[in-house]
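Student: Please find one structure pasted underneath; my questions will follow.
The values are calculated or read from the model by the stated rules, or taken from the named source; none is laboratory data. In this text, all values refer to a predicted model and were calculated from it rather than measured experimentally. Reconstructed Cβ throughout: ideal geometry from the backbone, glycine too, with neighbour counts over all protein chains shown. Areas reflect the complete protein model, heavy atoms only, side chains present, ligands, DNA and RNA absent. Shrake-Rupley method; radii C 1.70, N 1.55, O 1.52, S 1.80 Å.
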Amino acid sequence: MRTYAGHSTAEASNKLFKTNLSKGQTGLSIAFDLPTQTGYDSDHILSEGEVGKVGVPISNMEDMLALFNGIPLDKMNTSMTINATAAWLLALYCATAEENNVELKTLQGTTQNDIIKEYLSRGTYIYPPKESIKLISDMIVFCYKNIPKWNPTNICSYHLQEAGATPVQEIAFSLSNAICILDAVKDSGEISENEFPNVVGRISFFVNAGIRFVEELCKMRAFTEMWDEICLKRYKVEDPKYRRFRYGVQVNSLGLTAQQPENNVARIIIEMLAVTLSKNARARAIQLPGWNEALGLPKPWDQQWSLRFQQILAYETDLLEYSDLFDGSPIIQEKVNQLKSEAYEEIDKIEGMGGTTVALENGYMKESLVSSLSQRSYDIETNKKEIIGVNCYKETEKSPLLVDESIQKVDEKTAKDKTNSLKKYKKNRNQKVVDESLKNLKKALENNENIMPISIQCASNGITTGEWANTLREVLGEYRPPTGTSVSANIDDKSTEGVREKVGLVNKKLGRPLKILVGKPGLDGHSNGAEQIAVRARDVGMEVIYHGIRLTPQEIVSTVEQENVDLVGLSILSGSHLSIVPRIMELLGEKGFDATPLIVGGIIPDEDHAILKNLGVKAIYTPKDYSLNEIMLDFAKIVEAAN
């Protein structure tokens, strides 16, 4: 039983971990901030406004020691949501264990370490696919030989569903991902044929549970059966225990609503049941979001409430006393068979292209997800998919739950203190040892050695997250995957035609297509909303410039200058809007583009709207604004008024 936690500083997160453990939490699930996830130190220009916002900042071993101060690592099961820098965070964890005289073989836990889904949905990738898969393979080999109780990679279908995946896509893409990784380990020659089944047995999964209860339950049964079949037929794993579909789950966050957020409690509990009622496909670990997560970072009480849902199910009900309740159900089996058949077809299609990395690089997988999410958005917009409190039953009594008071914020002073302490840390290190360590790291990479031993040495010798990641950038290079926004929504209805007419009138006045820039500043990689805006804007007749994620304010303003756009749209979901937007507005003014309208979308609390409007922001959109057509009409009217 876990809650996903971590924020502001290592010391504050340590206090939160101890509080959660005292309430009955049985493991830790750590959220890292975006600079840590994307391989930047807290003092990097891209880290501005992002430090400590969506998780805990870990820049070096001192931070890791503070994070786990007083927590016995040999008795703790620790899950780390980390991907591109997973090898580094595991190295810091190992170095911390050694500093505390804890043997590596006693460590238990999981590194998420699933880079394929980062290219497709979450956006914390750094290096090219082939090189990134090699890092994962290195970790799997190292953990098998040195940390046998550690799950070195956790294949995540969770984020695929958040990016719009249908159940079939969720199953097929994640199992194709697992095949890609296991094939890489096998091809490395580092694991003998006799030992390989043991390695297969350490692969774990992290899934999503949505609101369509029966379909989600059947999805998990299909997952379980298909993984067993793949392990047996493809990898010749004879022992059934090594073929188990071992998975943890977080229930769906995409379906949590900002409107009437108290309704999310019912959604969370129903979704939890989908992964617990069927014993043969039951989750091994569950973490639940806070009821108010669509609005911002939940506070400790909200996390406690989510933990209590799990405890009531486990300790008060009789669920765990019975065998599988759904065995023998013809309805369930029919749905499972359908999902398996369609998922196998999709896996075969990906294999036919040359495998997962090819289907990633040619844009097939990303475009499929963008298309599915476009359909979901359209179904909500047109009420084909009903969401209580959003597009139906919108009338409501005033809630006694105080939403604004339940959202936790990170003080900008805390982030500044962290940056200053890091600068002091760097200044006081033994620079000779640091330089030698980085030289050895680069040499190990160039010689194609396993990344883990040298990384643990670097951690002990005071290297920072940014220094480790930058050394890898120098040798391995960086990568930007396809955005998937070239797909067409293919929407033809009265509402959309009305928007096209309005856009057409504005285009006629301008003498050219209305041109918008969709920008993702900072390190926030959750690009689903930006992608849907780009797809719909292009579909109604606008010219769209979208360069993907992770742009500096300077890069965004430079694009405005080069392209002479009519509207700038910023997507910011990490809570850094009060840092990033003023900087972009300032730069626009310096370049003489202060008259270019700017709008902002993201997780933006109501009390921040006035601040942004006073800066000159023309419109603000949050998850409450679900109608893309209405947003498109706003864009057209804003540009018309500015010209």
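Student: Indicate the gyration tensor shape class of the range 306-406 (rounded, prolate or oblate), computed on the Cα atoms with a ≥ b ≥ c the square roots of the eigenvalues: a/c under 1.5 is rounded; otherwise a/b larger than b/c is prolate and the rest oblate.
Tutor: Working: a/c = 2.09, a/b = 1.27, b/c = 1.65.
Since a/c reaches 1.5 but b/c is at least a/b, the shape of the range 306-406 is classed as oblate.
Student: Same structure, new question: Over 26 Å between Cα atoms: which of K349/K494; K145/K236; K385/K613 fall into that group?
Tutor: Working: K349/K494 36 Å; K145/K236 21 Å; K385/K613 33 Å.
Over 26 Å apart, Cα to Cα: K349/K494; K385/K613.
Student: Per residue of the range 33-42, what does 6.51 cos²θ - 1.76 cosθ + 1.60 with θ = phi - 60° give for ³J(HN,Hα)? Whole Hz please, x for Gly and Pro, Karplus curve as stated.
Tutor: Going residue by residue, I get 6, 5, x, 5, 5, 9, x, 10, 6, 5 Hz, with x marking Gly and Pro.
Student: Using only alpha carbon pairs under 8 Å that are at least six residues apart, calculate the relative contact order of the chain and give it in whole percent.
Tutor: Numbers: 1142 pairs, mean separation 105.4, N = 643.
Value for the chain: 16 percent.
Student: Contact order normalised by length for the range 149-228, with contacts defined as Cα pairs under 8 Å and 6 or more residues apart; what percent is it? Could you put the intermediate results ahead of the total?
Tutor: On the way: 51 pairs, mean separation 38.6, N = 80.
Rounded, it is 48 percent for the range 149-228.
Student: K591: which aspartates and glutamates have alpha carbons under 19 Å from its alpha carbon, excluding same-chain residues fewer than 8 sequence positions away?
Tutor: E555, E561, E563, D566
Student: What is the range 586-643 by shape, rounded, prolate or oblate, if you read a ≥ b ≥ c off the alpha carbon gyration tensor as root eigenvalues and call it rounded for a/c under 1.5, prolate for a/b larger than b/c, and oblate otherwise? Display every interim value, and only then the final one.
Tutor: Working: a/c = 2.56, a/b = 1.23, b/c = 2.08.
Judged from the Cα gyration tensor, the range 586-643 comes out oblate (a/c at least 1.5, b/c at or above a/b).
Student: Count neighbours as other Cβ atoms within 10 Å of each site's Cβ, and list the trypsin sites (Lys or Arg not before Pro) in the range 1-75 that are DSSP loop with at most 10 such neighbours.
Tutor: Working: sites: R2, K15, K18, K23, K53, K75; in loops: K23, K53, K75.
Taking the range 1-75 and a limit of 10 other Cβ atoms within 10 Å, the loop trypsin sites (Lys or Arg not before Pro) found are K75.
Student: So what J values fall out for the range 14-27 if you push phi through Karplus, 6.51 cos²θ - 1.76 cosθ + 1.60 with θ = phi - 60°, rounded to Hz, Gly and Pro as x?
Tutor: 4, 4, 5, 4, 5, 5, 5, 5, 5, 8, x, 5, 9, x
Student: Amide H to amide H under 5 Å from T110: which residues, 5+ apart in sequence or cross-chain, H placed 1.01 Å off N in plane?
Tutor: Sorted by chain and number, the residues that satisfy this are T78, S79, M80, N151.
Student: Going down the list K15/K426; K502/K624; K15/K130, which pairs span over 32 Å between their C-alpha atoms?
Tutor: K15/K130
Student: Related question: Work out which chymotrypsin sites (Phe, Trp or Tyr not before Pro) in the chain are exposed loop sites (DSSP not H, G, I, E or B, at most 13 other Cβ within 10 Å) and give the longest gap free of them. Could the numbers behind the result be given before it?
Tutor: On the way: sites that count: Y322, Y393.
Value returned for the longest uninterrupted segment is 1-321.
Student: Using a/c under 1.5 as the rounded threshold, could you call the range 38-148 rounded, prolate or oblate? The axes a ≥ b ≥ c are square roots of the C-alpha gyration tensor eigenvalues, and prolate needs a/b larger than b/c, oblate otherwise. Provide the component values of the computation, followed by the final result.
Tutor: Details: a/c = 2.15, a/b = 1.20, b/c = 1.79.
Oblate is the answer for the range 38-148, as a/c is 1.5 or above yet b/c matches or exceeds a/b.
Student: A further question on this structure: Heavy-atom accessible area per residue, the range 7-115, 1.4 Å probe: how many Å²? Each step should come with its number before you reach the end.
Tutor: Values: 3090 Å² over 109 residues.
For the range 7-115, the per-residue accessible area is 28 Å².
Student: 5 Å is the cut-off here: which amide hydrogens, built 1.01 Å from N in the peptide plane, fall below it relative to F206, excluding neighbours closer than 5 in sequence?
Tutor: Close amide H contacts, sequence-distant or interchain: I155, C156, S157, Y158, G248.
Student: Let me ask something else. Would you list which lysines come within 16 Å of K423, measuring only between C-alpha atoms, while excluding same-chain residues fewer than 8 positions from it?
Tutor: Correct list for K423: K413.
Student: Hey, could you get me the Stokes-Einstein D for the range 23-71, Kirkwood radius over alpha-carbon pairs, 4 °C and 1.567 mPa s, rounded to whole µm² s⁻¹?
Tutor: Details: Rh = 11.7 Å.
So the translational diffusion coefficient is about 111 µm²/s.
Student: Let me ask something additional. Where the centroid of each part is defined by its Cα atoms, how far is the range 146-224 from the range 510-557 in Å?
Tutor: What the calculation gives is 32 Å, centre to centre.
Student: Determine the alpha carbon to alpha carbon distance for each of K134/K520; K18/K520; K149/K427; K53/K398; K443/K520 and list only those over 32 Å. Let's see the in-between values first.
Tutor: Numbers: K134/K520 29 Å; K18/K520 35 Å; K149/K427 37 Å; K53/K398 29 Å; K443/K520 35 Å.
Flagged as over cut-off: K18/K520; K149/K427; K443/K520.
Student: Which whole number in µm²/s is D for the range 206-341 by Stokes-Einstein, with the Kirkwood Rh taken over Cα pairs at 25 °C and 0.890 mPa s? Mind dumping the intermediate values first?
Tutor: Values: Rh = 16.1 Å.
The Stokes-Einstein estimate is 153 µm²/s.
Student: What whole-number distance in Å separates the alpha-carbon centres of the range 65-120 and the range 560-575?
Tutor: Measuring centre to centre over Cα atoms gives 37 Å.
Student: I've got another one for you. Over the range 136-194, what percent of the accessible surface lies on carbon and sulfur atoms, probe 1.4 Å?
Tutor: Details: 750 of 1700 Å².
The computed percentage sits at 44.
Student: Report ³J(HN,Hα) in whole Hz for each residue of the range 628-643, in order, from the Karplus equation J = 6.51 cos²θ - 1.76 cosθ + 1.60 where θ = phi - 60°; Gly and Pro get x.
Tutor: After applying 6.51 cos²θ - 1.76 cosθ + 1.60, I find 5, 5, 5, 5, 5, 4, 4, 4, 4, 5, 5, 5, 4, 5, 7, 10 Hz.
Student: Amide H of I387 versus every other amide H placed in the peptide plane: which residues, excluding those fewer than 5 positions away on the same chain, fall under 5 Å?
Tutor: C392
Student: Cα-based Rg of the chain per 2.2 N^0.38 Å, rounded to two decimals? Before the final figure, lay out each step's value.
Tutor: Details: Rg = 24.2 Å, N = 643, 2.2 N^0.38 = 25.7 Å.
Here the answer is 0.94, to two decimals.
Student: Before rounding to the nearest 500, sum -39500 (n - 2.57) across all DSSP H runs of length at least 4 in the chain and divide by the residue total; then give [θ] at 222 nm in deg cm²/dmol.
Tutor: Details: 24 runs with 317 residues, N = 643.
Calculated mean residue ellipticity at 222 nm is -15500 deg cm²/dmol.
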